[in-house]
Amino acid sequence: MSLIALAADAAANSGEAPVFPPFETWHFPSQLFWLTLLFGGLYIVLSRMILPRLSATMERRGDHIASDLDQAARLDEQAVEAQQALELRMAEARAKARETANEARAKMEDEIARDTAKVDADMDEKLAEAEARISELRAEAMANVESVATDAASAIAGRFGVKPSASDVTSAVKAALN
Amino acid sequence: MDLQFRQIADPIKQFEVVKWFDLKVGGVDLSFTNASGFMLLGVTMVIAFFGYAASRGQLVPSRIQSIGEMGYGFVADMVRSVAGEEGLKFFPFVFTLFFFIFFANMIGMSPYAFTTTSHIIVTAALALLVMAIVIGYGFYKNGLGFLKLFAPSGAPWYIMPLLMPIEIISFFARPLTLSLRLFANMLAGHIMLKLFAGFAVTLVGAGAAYIPVAFLAFGMGVALNALEFLVAALQAYVFAILTCVYLNDALHPAH
């Protein structure tokens, strides 16, 4: 820099009327003084007051955004959990409903079977009774038929002049009827 | 008339330092000049802008707060990507440097404004400050290990005699290139702007026949103006990112 100052001095002392202003030396001390003062002042104000504040604001914003994102992630997780819980409960309820339906169906089928059995038994009983009566009646009728046939056979044999014994007629009629 | 006109169009005049308030301390001239004034304006604007952005502190940022936070993120990403997480201890410095230069350059784009960074003494002081921090912190953190910076690892020993002088020279050229790059860009850009604008006015004054050429010169000035806005932003970025690169050397000298 002293070289420049020398050159400037040489230019200033050479007698040329207009000296190139940046190479004039008289204002160098003043320039340096005010530069030191103003640049130093600017540095102090910026580094002590303004830049920390700016960075604090930006940091705060960064934290805020990060915490918001965290919260969003947490809420998202909660939503997923709630969804899963809901699905679980739905499945449970569905299973329970199916079970209830099955139970009801089984109960109804049971009842139907019981009723059917009861009716069937009733019917069987009545049928058996009826059959008993029918066979009784038939036996009675057959007995009547036997006596009528025995009487008729005795009468017919009497006409032919034969007089069979009653037991013979009865056995003959029995053989003929069966 | 001609003389006065030439004075207005003089492309160098915009760099002149003019005393606003006299101030002498122990025989040293510390006058408050237009350079100091515009530097104060830039610093005030940086503080006002970022102070407002920081004072909002809302979770959902307003527009200005959002831009302020973008500036913060931009510089923080730059420091982190170039100098790593450890480099973030220099973040306030790089931030101050970037926006000091950025606002100075942008204020300079306004007509009649003084461009603080178009003076070599300012850019040189900033570059030397950067180098002082790099060297100071480099030795403080690494001790003599900082000198490994000049001996790239992985290079075969027999090219070391060639390589080390190159590394040393390039290291000491850094403050020079760092300061000259910003200074020359701002100076040349503003001279060009003034030249084309002045040329346009001169051509109009020279006669009706030159008016089409004057429009050409004016159009060129407009195009250059756009370019200069790019340069103003870019040079602030270049200065800041090179600062990060140099700080990275101080943090990790063995590269």
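With point charges of +1 on the Cβ of Lys and Arg and -1 on the Cβ of Asp and Glu, referenced to the Cα centre of the protein assembly as shown, which listed residue (B:Phe38, B:Phe15, B:Met131) lies farthest in the positive direction of the dipole?
Working it through, the farthest residue towards the positive pole turns out to be B:Phe15.
Would you mind computing Rg(Cα) / (2.2 N^0.38 Å) for chain B, counting N as its residues? Show your work: numbers first, answer last.
Numbers: Rg = 22.3 Å, N = 255, 2.2 N^0.38 = 18.1 Å.
It is 1.24.
Give the Debye-formula value of log10 I(q)/I(0) at each listed q (0.07, 0.14 Å⁻¹), with one equal scatterer per alpha carbon of the protein assembly as shown, two decimals each.
Taking Cα atoms of the protein assembly as shown as identical point scatterers yields -0.60, -1.32.
What nm value, rounded to one decimal, do you get for the distance between B:Leu147 and A:Arg138 when each label is placed 7 Å out toward the C-beta?
14.2
Could you list A:Met142, B:Met39 so that the one with the fewest beta carbons within 10 Å of its beta carbon is first and the one with the most is last? Show your work: numbers first, answer last.
Details: A:Met142 14, B:Met39 27.
Fewest-to-most ranking of A:Met142, B:Met39: A:Met142, B:Met39.
For the stretch B:1-103, build the convex hull from the C-alpha positions and give me its volume per residue in Å³. Provide the component values of the computation, followed by the final result.
Values: hull volume 20.2 nm³, N = 103.
About 196 Å³ per residue, rounded to a whole number.
Which value, in nm² and rounded to one decimal, describes the direction-averaged projected area of the C-alpha convex hull of the stretch A:2-177? Intermediate results must be reported in sequence, preceding the final value.
Working: hull surface 123.6 nm².
Its average projected convex-hull area is 30.9 nm².
Evaluate the charge dipole of the stretch B:2-251 about its Cα centre and quote only its size in Debye, nearest 20, assuming +1 on the Cβ of each Lys and Arg and -1 on the Cβ of each Asp and Glu.
Roughly 140 debye for the stretch B:2-251.
Below 14 angstrom from the Cβ of A:Glu125, what's the summed charge of the other residues (Lys, Arg +1; Asp, Glu -1)? The partial results should precede the final answer.
Values: positive: A:Lys118, A:Lys126, A:Arg133; negative: A:Asp120, A:Asp122, A:Asp124, A:Glu129, A:Glu131.
With Lys, Arg at +1 and Asp, Glu at -1, the neighbours total -2.
What Kirkwood hydrodynamic radius do you get for the stretch A:78-174 when you take the inverse of the mean 1/r over all pairs of distinct Cα atoms, in Å? Before the final figure, lay out each step's value.
On the way: mean 1/r = 0.0488 Å⁻¹.
Taking the inverse mean of 1/r over all distinct Cα pairs, the stretch A:78-174 comes out at 20.5 Å.
Given a 10 angstrom Cα cut-off, can you work out which residue in B:Val201, B:Val134, B:Val122 is the most mobile in a GNM of chain B?
B:Val201
Could you give the dipole magnitude of chain A about its Cα centre, charging the beta-carbon of Lys and Arg +1 and that of Asp and Glu -1, in debye to the nearest 20?
Values: 19 positive and 29 negative charges, 19 e Å.
For chain A, the charge dipole is close to 100 debye.
If r is the Cβ-Cβ distance from B:Ile135 to B:Val201 and R0 is 60 Å, what FRET efficiency results, to the nearest 0.05?
Values: r = 49 Å, r/R0 = 0.81.
So, using R0 = 60 Å, E works out to roughly 0.80.
Please average, across the residues of B:115-124, the number of beta carbons from any other chain that are within 10 Å of each residue's own beta carbon, and give a whole number. Write down the numbers at each step before the final one.
Working: counts 0, 4, 0, 2, 8, 9, 15, 7, 1, 5.
Mean inter-chain Cβ contacts per residue within 10 Å come to 5.
Read the figures in this text as sums done on the coordinates, not as results from a lab. Please read these numbers as outputs of a predicted model, since none were measured by experiment. Using ideal geometry, Cβ is built from the backbone for each residue, glycine included, and neighbour counts are taken over all protein chains shown.
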